[in-house]
Amino acid sequence: MSQLTFEQINSAVLTTLIKPTPRYWRFVGLAFVGILIFLGCWAYQLSMGLGVAGMNTPVHWGTYLINFVFWVGIAHSGTLISAILFLFRAGWRNPIARAAETMTVFAVMIAGMYPLIHLGRVWVVFYMLPLPNQRFLWPNFQSPLIFDIVAISTYFTVSSMFWYTGMVPDFAIIRDRAEGVRKKIFSALALGWTGETGQWLNYSRGYLLFAGLATPLVISVHSVVSWDFALGVTPGWHTTIFAPYFVAGAIHSGLAMVLTLMIPLRKLFHYEKIITVEVLESVAKTIIFTGLIVGFAYGTEIFIAWYSRSIVEMESFWWRAFGDYDIQYWIMVICNTAIPLLFLIKKIRTRIIPLFIISIFVNIGMWMERFVIIIGSVAHDFLPNAWGHYSPTPIEFVFMLGGFCIFIFLFLLFAKHLPSVSMTEMKELIHHEEEHHEH
Amino acid sequence: MSTETTTITGLFDTESATLSAVREIQAQGWKVKEVHSPIPSDKLAAALNRKKSVIGWFTLTGGVTGFISGFSLAIFAATRWSLIVGGKPIVSWIPFFVIAFEFTILFAVLGNVAGLVTQIGIPAKMGANYHPDCSGSVYGVLAESTPEDAEKLRLLLQNKGATTP
Amino acid sequence: MNSAITQHPAAGFKPVLLIFTFLAGAGFLYFVYLATGSHPEKAWLVFLVNFLLFTSLSLGALLFSTIMHFTQAKWCQRLAGVAEAFSAFFPVSLVLFLVLFLGRSHLFTWIGEDLHGKEAWLNIPFLFTRILVGLAILYGLGIGYVVHSLKFRLSRKQDITRLKQFLFNRWQDPSTGLDKTKRHMTFLAGWYMFAFALVLALVGFDLVMSMDPHWYSTLFGAYTFIKAIYAGFGALIIAAAVLHLSSANRFTLSGSQFRDLSTLFFGFAIVWGDFFYAQFLVIWYGNIPEETTYIIERTMTSPWSSIAWAVFLVCFIMPFVVLLRGKFKETPQFMIVICSLVITGFWLEHFLLLAPNYLHGAHGFPIGINEVVITIGFLSLFALSVILYLKQFPDLLESEAGEVV
């Protein structure tokens, strides 16, 4: 990385912003068609009611909630990379920070969409907001569902501002080299940034504060999401380990999504010198760590279920492994804890294809984990005559794919129109490394 | 006394060249008005005697406001009808803390943004002496002198390795 | 020049060593006196509290070095050398654990109780064996890591102490195979961290949570090792600050190193607070009597509630509010005070978790002169181990100490 010059970085990133090919627009169009189908299904659900989804007594929380938790989880590792690793001064974050932060912003938006879908009558969402009304009705701030609203909207606001602030110096670079309409747009976006020393002083301080604030926010948001489940008394849900377990799991799935996104991105945009294999390897090593935490949580839950001598707890955890949803359970365990251990082998974590394949497995496993936790507990709780079954309907599958289509659509648009690698942070990294070599 | 000043721009490729040039210019008695750089530099900021950033105070104010607002909102909402929900006390600090915490972060970030906007002065009008390469890879030093000394200043910059457009 | 170096470390340490040895011995004797008295469970309770606290401190402090090595962080090499000094307490801790066996009938209130099937896990032979094996493995990994690291840090040019001579003999030529040593260190560091999490979780479940055999919390194991990291870093800061301020050695830390270390401490204060809150919120909200009786007794009945509030204030509120201000993080004297208070808070926290199991119907304040004397004895034993280690390897405190390349 030290062989790169500032100008090489500039050109490597700026060439990705030239006029896109028709092939690109075909992919965008495909994603857009997916979005239209998704919107059509949503219109269908709005007209027919929530019954078109598979939820029914006793399982009232289905794939909409699973997808909600899944996408919030994806969002988290973006902030881990851009904020938390910034605080730890880990240089390997610089090449991927921009794309990771973008992933966060889009993922939070998609995540926030699912509770709205799940509402059924979306137009009464304002009931949940603290808006003055004639009947003096206010939300119940004791409820974890309201915590969620506050937490997710805070997360979205903070991430968007952090994302934008990070891009301002890069917008200035594009402004200074563009012409015509693009120059006008980026002049507006760059807000007159000129890189004066006073500006940089304040900018660096503001950025550090952003990172320092985003870090506790990440931990709190997914803890709040976990408390949607843990604060109830349902067996398998009411357990104290949920908050750190969910946070670790979120980072686990998010890092896997980072690999899934970065590997094609770097190939298509010829970023191999910037997003080097060492960077991807660092991501893989972190996945080993988060996988171990998730494994520890699984083991602890099972142990305590036995230790508690509560027949309800013991039945709940036995059923997860051997009941109606045993396939999902074992996919979860193998994909989340066993397969990431393959990254311990250097050959596997330094080759692109294994990195990509394992990242897909981890994503599948983490989706299954949310399935096992949400469905597995609600379908099989205290009273045997209240036990039930749940299968997602085709409509729910469309909603799930729709989330992915929205994400791909937005990310494709981002990659070709905004700088997908932070040129400024890459230059800072090179400068820092040069200074170290001099000493 | 003549109050006219001419601004000469010198473009450098590295931070170290820029620093030594800035120090040399200041040693000769001229003023370095500004340096435009592609990446932040503590040393340049120190050489130009820039004051430390006060954004932190904006953030802290926001954070404290948020903490109080979060609790206030939750307590206000609960005490309108004072209904006992789920067997919990009407004003229960333990769950309300989550709301206060999120509001702390939110308002602290809003304060941070307010600080950034006011302290950096964005959206800003770009000065006429800004050279567009400075965002990319070049350090632009803006030095001021009287019109009579302009040539001497230009020579000095060129001696230190700058291109002077 | 060499003679000047050989003289001063010994001179500075002698009276301190004597004082600590005396205090440790006095504490031990007093403990024996109490344990053979009319309320042996009180003596054993204090023993357990101190065993847990000081074991956590030593494990957490060494963790600093293993993390820094594993992540190839370069800013804190000499600090890592001081962190490794805490491994000197490991053998002491193992012996103390064996002593715990003698007090088992007083400590484990569930012996003989009908535990509805839990006896498969909660029985004395299995419990002591698994913890002993766990500690042995953990300590073995830690000491192995430290011995390998010493290969880099020691130099033949400094005065040769007995232990150094022993190590040099074993290594033949310490300057060869440094690459291999580094790989071994990374291997041992990784397994140490893995074992740290598992063994401390086990210790938390078996020696603290199960003292009330009817209560459980899945986060308790992780909570235990987070406590160890937080408090262990505090102990490291105290050691580093004391050595920095002391004129008897040439160990110094730069302001930015200190600030980074204090920032890490601040970060873990928040992590600990978060883990505490995660347990508290879930149990409070669910309001299930199986879970809440434990919490209610410890946080809402007297005399325990005042201790609980003290723990909360000292271990979280105080470090959070104070360390928000950057200046304090760079002042060693200040950090010594803060970290000492936090570790005292953790003593109280361990006491708070364990004592209500033994002191039923306690009147008045449960902490008195007995607890203080025995605790000072333990503290002296702990300090003694670290000081003796540093005496054996004075190279660690020199400004040209070898660094792990």
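The values are calculated or read from the model by the stated rules, or taken from the named source; none is laboratory data. In this text the structure is predicted, and so the values were computed from the model without any measurement. When we count neighbours, we look across all protein chains shown, and the Cβ atoms used for this are built from the backbone with ideal geometry, even at glycine.
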Restricting to region A:181-199, what's the tally of residues that are facing chain B (nearest Cβ under 7 Å) and not hydrophobic (A, V, I, L, M, F, W, C)? 7
Checking C:Phe101, C:Phe86 in turn, the sole residue that is at negative phi, away from chain A (no Cβ under 14 Å) and surrounded by 14 or more Cβ atoms within 10 Å (Cβ to Cβ) turns out to be C:Phe86
Which of the residues that make up region C:180-199 are facing chain A (nearest Cβ under 10 Å), in contact (Cβ under 8 Å) with a residue 12 or more places away in the chain and either more than 14 Å from C:Met68 (Cβ to Cβ) or of a type in the set (D, E, K, R) (or both)? C:Ala197, C:Leu198
Got a number for residues in region B:58-90 being modelled with pLDDT under 95 and more than 10 Å from chain A (Cβ to nearest Cβ)? 3
Of all residues in region C:337-356 being crowded, with 19+ Cβ neighbours inside 10 Å and among the β-branched types (Val, Ile, Thr), the one that is farthest from C:Ala231 (Cα to Cα): C:Ile338
So which of A:Pro95, A:Pro115 ends up being in contact with an Asp or Glu (Cβ under 9 Å, 6 or more places away or on another chain) and either at pLDDT below 90 or not in a loop (DSSP other than H, G, I, E, B) (or both)? A:Pro115
Please specify each residue of region B:82-98 satisfying the condition of being assigned to a helix (DSSP H, G or I) and either of a type in the set (S, T, N, Q) or exposed (fewer than 13 other Cβ atoms within 10 Å of the Cβ) (or both). B:Trp93
Does C:Phe265 satisfy being touching a helix residue (DSSP H, G or I) at 6+ places or on another chain (Cβ under 6 Å), surrounded by 19 or more Cβ atoms within 10 Å (Cβ to Cβ) and not in a helix (DSSP H, G or I)? no
Given the options A:Phe86, A:Phe126, A:Phe70, A:Phe136, name the one that is part of a helix (DSSP H, G or I) and within 14 Å of chain B (Cβ to nearest Cβ). A:Phe86
Can you name every residue in region A:45-67 that is within 15 Å of A:Met400 (Cβ to Cβ) and in a helix (DSSP H, G or I)? A:Gln45, A:Val52, A:Thr63, A:Tyr64, A:Leu65, A:Ile66, A:Asn67
Within region C:67-95, of all residues that are at pLDDT 95 or above and among the β-branched types (Val, Ile, Thr), the one nearest to C:Phe187 (Cα to Cα) is C:Val92
Condition test on C:Leu52, is it out of contact with any Phe, Trp or Tyr (no Cβ under 9 Å at 6 or more places or on another chain), closer than 21 Å to C:Arg130 by Cβ, at pLDDT 95 or above and buried (at least 22 other Cβ atoms within 10 Å of the Cβ)? yes
Subset tally (residues that are more than 10 Å from chain A (Cβ to nearest Cβ) and either among the hydroxyl-bearing types (Ser, Thr, Tyr) or in contact with a His (Cβ under 9 Å, 6 or more places away or on another chain) (or both)) for region C:200-226: 2
Single residue of region B:1-47 satisfying the filter (within 22 Å of A:Trp193 (Cβ to Cβ), of a type in the set (Gly, Ala, Ser) and assigned to a loop (DSSP other than H, G, I, E, B)) that is nearest to the other protein chains (Cβ to nearest Cβ): B:Ser37
